[in-house]
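Participant: Sharing a structure, written as structure tokens. Questions coming.
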Amino acid sequence: MAYLLIVEDDELLRDGLAAQLRQVGHEVTTAANGLLAQALLESTRFDGVVLDLGLPLLDGMQLLRWVRQRLLALPVLVLTARDGVEDRVEGLNAGADDYLTKPFNMAELEARLAAMLRRSRLPAFGGSLELQMGSTSRLRLDATQPLAWLDDEPLELTQREWSLLSLLVTNAGQVVSREDVLTTWQSDPSDNSTGGANTASNALEVYVHRLRRKLADSGLSIRNVRGLGYMLETATP
Ligand code: CA
């Protein structure tokens, strides 16, 4: 089961998609225009989006670019009546994870959606986690060992840096609280460093600082969200 957002202005298609996806067990929210979808994406956490490109108020391509600035890891399957190669390339460059041209077969949509959701989850990718958005470097983390690569170059990370980075990547585009990081560190059986919660809390800023330096040329940045925590996002040039 996944929490899905369907953004489609054609009422018949929207309702049909929603009914079908609910029937296979998903939790579905719908939006008939780009602005409503944007508001929903700001307030609610979804596992995936089915996005029509031709939309009123805010075009699907603009919405897709906005999603990629804010919610890096959110899987998006694009639906469109445009079937030219250039539109396909533009959609994929703008950050679509997959693409279907209308009219499409419902079984194919379900299969592609399921594959997309599977890929986006942590143990997929054969035990590694990947992140690449727009012009950022491709960041890959092993899901079980403190190993990571930036564009296939190994990143030198300590156990704590790696667990902080995997938490940020898993929640890319969303705030990870200091408490979340500290809890992860405490529950890590391989972390035998000494020092209480206070030491760990002070150390967190040091680790964030180190990670920022290691990601310096990747196009990814770790934003300090005052009072809340940290967020991995695309660096603004
Ligand atoms: Ca449309």
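Participant: Going by the conditions given, is T101 surrounded by fewer than 16 Cβ atoms within 10 Å (Cβ to Cβ), within 16 Å of the ligand (Cβ to nearest atom) and modelled with pLDDT under 90?
Facilitator: Against the criterion (surrounded by fewer than 16 Cβ atoms within 10 Å (Cβ to Cβ), within 16 Å of the ligand (Cβ to nearest atom) and modelled with pLDDT under 90), T101 qualifies.
Participant: A81: within 14 Å of the ligand (Cβ to nearest atom) and either modelled with pLDDT of 90 or more or not assigned by TED's automatic domain parsing to the domain that holds N105 (or both), yes or no?
Facilitator: Criteria not met by A81.
Table: residues versus (1) outside the structural domain of V176 (by TED's automatic domain parsing); (2) surrounded by fewer than 19 Cβ atoms within 10 Å (Cβ to Cβ); (3) over 14 Å from the mean Cα position of the chain (by Cα); (4) farther than 27 Å from M231 by Cβ.
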| position | (1), (2), (3), (4) |
| --- | --- |
| Q23 | yes, yes, yes, yes |
| A37 | yes, no, yes, no |
| T44 | yes, yes, no, no |
| D52 | yes, no, yes, yes |
| P56 | yes, yes, yes, yes |
| G60 | yes, no, yes, no |
| W66 | yes, yes, no, no |
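Participant: Also, quick follow-up: Can you tell me which residue among L74, L17 is farther than 25 Å from Q174 by Cα, in contact (Cβ under 8 Å) with a residue 60 or more places away in the chain and crowded, with 17+ Cβ neighbours inside 10 Å?
Facilitator: It is L17.
Participant: Anything in region 27-66 that is assigned to a strand (DSSP E or B), touching a Pro at 6+ places or on another chain (Cβ under 9 Å) and either away from the ligand (no atom under 16 Å from the Cβ) or farther than 16 Å from D9 by Cβ (or both)? List them, or say none.
Facilitator: Within region 27-66, just G48 meets the criteria.
Participant: When the residues of region 67-78 are narrowed to those that are in a helix (DSSP H, G or I) and not charged (D, E, K, R), which ends up modelled with the lowest pLDDT?
Facilitator: Q69
Participant: Now for a different question. Given (1) modelled with pLDDT of 90 or more; (2) hydrophobic (A, V, I, L, M, F, W, C); (3) closer than 18 Å to A115 by Cβ, identify the lone condition not met by A31.
Facilitator: (3)
The values are calculated or read from the model by the stated rules, or taken from the named source; none is laboratory data. Keep in mind it's a predicted model, so treat the numbers as computed, not measured. Cβ: placed from backbone, ideal geometry, glycine included. Neighbour counts: every protein chain shown.
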